Amino acid sequence: MSEKIDFESLSPKEPVVLHEDKKKKLKIWQKVLIVFVVMFVLGTSGLATLLYGPNDRFRNWLITTAMTTMSHQYLATMFYDDETIQKVLEENSVVESGEDVDTDAIQFIDYSSSFVTYTNKYEKEILTKDKGNDTYKLINIEGKGLRGYLVAIYKPEKVKIAASATMGTSGQMLTTMAKNNNALVAMNASGFIDPNYMSNGGKPHGAVIKDGKLISNEIRASVGGGIIGFTKENKLVLGSGWSGQTALQKGVRDAVDFGPFLIVNGKPSFIRGNGGWGSAPRSAIAQRKDGIVLFLVMDGRDYAHGIDGADMVDLTEILMNYGAYNAANLDGGTSSGLVIDNKLVNKPVNGNGQQSTRAIPDAWIVAK
């Protein structure tokens, strides 16, 4: 005969009571869970609003910024189809004037022999030279979300192209080219052919002319613009549709091929939206009517300090402020660099968030 089990004796005599500290911990975890769920819901809906909402500013910024990088286009393609991306790129673009540069408008002025009246603060910055340096002056550019470096070069005859010693095979760092060419100032120039985003910077896009000789002539980049070069009279010319041979026939001594052209004959290009290039580190070259040459390098991707980068509108406005008469965009992103006296002046950040530039095929320099 089986033993009878007293189930009543097995049940607790009084209800289980949680200690106060355990109840507090439970409530805390409940609150944390609720907050997490709310944040997830809000975050998801907020991201969806940014990506697909009626305000297209974020969408335009994301697509144009991602699609002009070498290795991060997936940031756009993972959210948008090809039709949407193409539509955004068309709505954000640079429409060049198509005018030929009027080189006769460039009249070199020696301000040291005349009394100068400054029309604005930008003119004063440009025309007030540093003591003991009549070749160039470095000007810091600051603005909301912007940090950059403008070099005014008073002797345009010293502006030349420096090439990688192994062009065609591999590029070199900007600091190396500056040192090898005994340069006072150096700034990146050409873009380069980059199959599968694995290039070493050896093959520049388009024509490269150095000292009146065509030293490279590869396929052009699809960036608008064209020949960006200096004539034997030290005047900046922008040749849309020019081949390297055409540039040589027109007396160009040093040049690269890139774009878009930002300013021609004192008139800015028509820029739709942000210009189609998004915000990133940028470089540009320009010349004023008085012959002074401008190198401009803008930092970007320094999100810790709120420095996103510059777009085509920013570049054009800065250069117009400082009196640029003709100007063109150069390669940007991780290529953007400015070296003065063999030291890197700007604060580059590559696509992986590291403080670094990359090997490039050539550079604009100010020779000693």
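The values are calculated or read from the model by the stated rules, or taken from the named source; none is laboratory data. These numbers were taken from a predicted model, which means no experiment stands behind them. Note that we place each Cβ from the backbone using ideal geometry, even for glycine, and neighbour counts take in every protein chain shown.
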Hits in region 221-252 (condition: of a type in the set (Lys, Arg) and in contact with a helix residue (DSSP H, G or I) (Cβ under 6 Å, 6 or more places away or on another chain)):
Lys235
Quick check on region 338-355. Is at least one of its residues out of contact with any Cys (no Cβ under 6 Å at 6 or more places or on another chain), surrounded by 24 or more Cβ atoms within 10 Å (Cβ to Cβ) and within 26 Å of Val237 (Cα to Cα)?
yes
Take the conditions farther than 24 Å from Lys210 by Cβ, out of contact with any Leu (no Cβ under 6 Å at 6 or more places or on another chain), in contact (Cβ under 8 Å) with a residue 40 or more places away in the chain and crowded, with 24+ Cβ neighbours inside 10 Å and apply them to Asp299. Does it pass?
yes
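Name the single residue that is farthest from Asp290 (Cα to Cα) among those in region 101-154 being of a type in the set (Lys, Arg) and surrounded by fewer than 14 Cβ atoms within 10 Å (Cβ to Cβ).
Initially, region 101-154 is screened for residues of a type in the set (Lys, Arg), giving 121, 124, 129, 131, 137, 144, 147.
Going one step further and asking which of them are surrounded by fewer than 14 Cβ atoms within 10 Å (Cβ to Cβ), we end up with 121, 124, 131, 144.
Values: Lys121: 17, Lys124: 14, Lys131: 21, Lys144: 30 Å.
Here the residue is Lys144.
How about region 178-196: which of its residues are of a type outside the set (S, T, N, Q) and touching a Gly at 6+ places or on another chain (Cβ under 9 Å)? Can you show your working first?
Residues of region 178-196 that are of a type outside the set (S, T, N, Q), as a first pass: 178-179, 183-187, 189, 191-195.
Hits for region 178-196 are Ala186, Met187, Gly191, Phe192, Ile193, Asp194.
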With respect to the numbered conditions (1) at pLDDT 95 or above; (2) among the small types (Gly, Ala, Ser); (3) crowded, with 23+ Cβ neighbours inside 10 Å, which one is the sole condition not fulfilled by Gly201?
(1)
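Among the residues of region 156-175, write down those that are farther than 12 Å from Leu338 by Cα and crowded, with 17+ Cβ neighbours inside 10 Å.
Within region 156-175, the first condition is being farther than 12 Å from Leu338 by Cα, and the residues that meet it are 156-172.
Those that are farther than 12 Å from Leu338 by Cα and crowded, with 17+ Cβ neighbours inside 10 Å: Pro156, Lys158, Val159, Lys160, Ile161, Ala162, Ala163, Ser164, Met167, Gly171, Gln172.
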Residues of region 215-270 that turn out to be without any contact (Cβ under 8 Å) to a residue 40 or more places away in the chain, farther than 21 Å from Ser97 by Cβ and out of contact with any strand residue (DSSP E or B) (no Cβ under 8 Å at 6 or more places or on another chain), as a count
2
Is it the case that Val185 is under 21 Å from the mean Cα position of the chain (by Cα) and under 19 Å from Val101 (Cβ atoms)?
no
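Which members of region 83-119 meet the condition of being under 20 Å from Lys155 (Cβ atoms) and modelled with pLDDT under 80? It would help to see each step written out before you state the result.
Just the residues of region 83-119 that are under 20 Å from Lys155 (Cβ atoms), to begin with: 103, 105-114, 116.
Correct list: Ser113, Ser114.
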